[in-house]
1. Check whether at least one residue in segment 31-42 is in a helix (DSSP H, G or I), among the basic types (Lys, Arg) and out of contact with any strand residue (DSSP E or B) (no Cβ under 9 Å at 6 or more places or on another chain), and report yes or no.
2. Name the residue, out of Glu60, Glu72, that is under 18 Å from Lys2 (Cβ atoms) and among the charged types (D, E, K, R).
3. Among the listed residues Thr22, Thr61, Thr69, which satisfies the condition of being more than 16 Å from the chain's Cα centre (by Cα) and outside any helix (DSSP H, G or I)?
4. What is the residue count in segment 11-70 for residues that are polar (S, T, N, Q) and within 26 Å of Leu82 (Cβ to Cβ)?
5. List pairs: first in segment 29-40 and loosely packed, with under 12 Cβ neighbours inside 10 Å, second of a type outside the set (Ser, Thr, Tyr), Cβ under 7 Å, 6+ apart or cross-chain?
6. Being surrounded by fewer than 12 Cβ atoms within 10 Å (Cβ to Cβ) and either part of a helix (DSSP H, G or I) or in contact with a Gly (Cβ under 7 Å, 6 or more places away or on another chain) (or both) is the filter here, so list the residues in segment 4-16 that pass it.
7. Any residue in segment 1-23 that is farther than 14 Å from Gly45 by Cα sitting within a Cβ distance under 9 Å of a residue that is exposed (fewer than 13 other Cβ atoms within 10 Å of the Cβ)? List the pairs, counting only those 6 or more apart or interchain.
8. Of the residues Ile78, Ile54, which is without any contact (Cβ under 8 Å) to a residue 60 or more places away in the chain, surrounded by 15 or more Cβ atoms within 10 Å (Cβ to Cβ) and closer than 25 Å to Ala6 by Cβ?
Amino acid sequence: MKEPHAGKAIRNLQKARGLMDTVLKMAEDQRYCMDIIQQCNAITGIMQQTKNIILESHLETCGAKLASTDPEVREKFIQEILRACNVSQRRG
């Protein structure tokens with residue numbers, strides 16, 4: 001990962017770690033369930049944002065593979081992104 005993405009991702013991960021510590025303490029202290037859920041939602045949000053930052057970095061640094069004339073290289077790159085983003089290609 002390159003800047004500015006690396007710095008943003010690291011800051012978000014540090015925030016998420018702090019939030020995890022907070023949620024763990026809240027659970028140990030048997031705090032109100034809805035307050036714990038709200039903090040869990042905050043963790044989920046910051047992790048989603050971090051995933052998007054990392055994906056953006058990946059596309060900027062490795063996305064040239066999409067321009068490859070080798071269809072196998074392109075397909076592998078696309079599948080890698082879909083797997084990382086939990087995008088299903090199942091046909092219904």
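1. No; the residues of segment 31-42 include none that is in a helix (DSSP H, G or I), among the basic types (Lys, Arg) and out of contact with any strand residue (DSSP E or B) (no Cβ under 9 Å at 6 or more places or on another chain).
2. Result of the check over Glu60, Glu72: Glu60.
3. Numbers: Thr22 fails: outside any helix (DSSP H, G or I); Thr61 fails: outside any helix (DSSP H, G or I).
None of the other options fit; the residue is Thr69.
4. 11
5. Between residues of segment 29-40 that are loosely packed, with under 12 Cβ neighbours inside 10 Å and residues that are of a type outside the set (Ser, Thr, Tyr), the close pairs are Asp35/Met26.
6. Selection gives Gln14 alone.
7. From segment 1-23, the pairs are Met1/Thr61; Lys2/Glu60; Lys2/Thr61; His5/Glu60; His5/Thr61.
8. Step by step, each of Ile78, Ile54 is checked, and only Ile54 is without any contact (Cβ under 8 Å) to a residue 60 or more places away in the chain, surrounded by 15 or more Cβ atoms within 10 Å (Cβ to Cβ) and closer than 25 Å to Ala6 by Cβ.
The numbers here are math on the coordinates, done by the rules we state, and not lab data. Just so it is clear, the model here is predicted, and its values are computed rather than measured. Ideal geometry is used to build each Cβ from the backbone, glycine not excepted, and the neighbour counts take in all protein chains shown.
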